[in-house]
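Trainee: Got a structure here, written out as C-alpha cells. Questions coming.
The values are calculated or read from the model by the stated rules, or taken from the named source; none is laboratory data. Please read these numbers as outputs of a predicted model, since none were measured by experiment. Glycine also receives a Cβ, built like all others from the backbone with ideal geometry; neighbour counts cover every protein chain displayed. Heavy atoms of the whole protein, side chains included, go into the accessibility calculation; ligands, DNA and RNA do not. Shrake-Rupley method; radii C 1.70, N 1.55, O 1.52, S 1.80 Å.
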Amino acid sequence: YSQLQQSFGNNVADHRTNSLNFHAQDDFKISPKFTLSCGLRYEYLRYPSLDPKAPLKDSRTARSDPHDVAPRMGFAWQPDDRTVVRGGFGIFYDTINLRLLSQVIRQNGSNVLLYTIAPTDAGAPLFPDVLGSPAGTLSKPSVTTFAPDFKAMRMQQANLQAERAVGRD
C-alpha cells in the first residue's frame with residue numbers, strides 16, 4: 001500500500017443548525033412598458049456549539065455570520081409589441097456544506113482520531129493488517145477545523161435576455 005488511513009473513536013456528529021431567512025420584494029410600474037423589481041434578502045445560518053474541550057482552539061467554534069444581506073434588482077422592458085428585454089442583478093450567499101460541518105465536529109482532535117501512515121513509517125502494519133490502537137502510532141492525528149475568519153462564499157450574479165416573437169401566435 002502507499003498509505004493507510006484509519007480512524008478511531010466516536011464517528012457520530014449529532015447537530016442542529018438554525019436558519020433564519022427573509023425576503024421582501026416590490027414591483028414598480030415606471031411606465032406601461034417598463035417594470036422595475038427591487039428586493040432584499042436576509043440570510044442567517046446559526047451553527048451549533050462545538051466541543052469546548054477540543055484540543056485545538058479553532059475546533060471549538062464555527063463562526064455564524066449574521067450580516068448576510070443580499071439586494072436584488074430586476075427589470076422588464078417592452079420596446080415594442082413583439083419584443084421584451086429582461087435583466088437582473090443580485091448578491092447571493094452560499095451555505096456551508098453540512099457534511100463539512102459534520103466532519104469538523106467528528107475530526108476535532110478528540111472525537112475521532114484519523115491517522116495517515118506510510119508503509120515506511122516505524123510501526124506501520126504489514127498489508128492487509130491494520131493498526132491495533134492509536135497509541136501505537138508515531139504520527140499525529142488529522143484534525144479538520146474552520147479558520148477563525150471563515151465566511152460563506154458571496155457571489156454576484158447578473159443576467160440580460162431579449163425575447164422576440166417571430167410569428168403571429
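Trainee: So if I check each of Asp68, Asp14, which one is farther than 30 Å from Ala165 by Cα and under 17 Å from the mean Cα position of the chain (by Cα)?
Mentor: Asp68
Trainee: Go through the range 51-164 and tell me which strands (runs of 3 or more DSSP E), entirely inside it, have 1 or more residues that are of a type in the set (Ser, Thr, Tyr) and either touching a residue at least 24 places away in the same chain (Cβ under 8 Å) or open to solvent by 50 Å² or more (accessible area, probe 1.4 Å) (or both). Write out each step before concluding.
Mentor: Values: elements: 68-80, 83-93, 112-117, 154-164.
The strands (runs of 3 or more DSSP E) meeting that bar are 83-93, 112-117.
Trainee: Sticking with this one: May I ask you to list the residues in the range 8-26 that are open to solvent by 100 Å² or more (accessible area, probe 1.4 Å) and in a strand (DSSP E or B)? Walk me through it before giving the result.
Mentor: Narrowing the range 8-26 to residues open to solvent by 100 Å² or more (accessible area, probe 1.4 Å): 14, 16, 22, 25.
Phe22, Gln25, listed by residue number.
Trainee: Right, next: Kindly indicate the residue of the range 27-50 that is of a type in the set (D, E, K, R) and more than 22 Å from the chain's Cα centre (by Cα) and also most open to solvent (accessible area, probe 1.4 Å) among those meeting that condition.
Mentor: The extreme case among them is Lys29.
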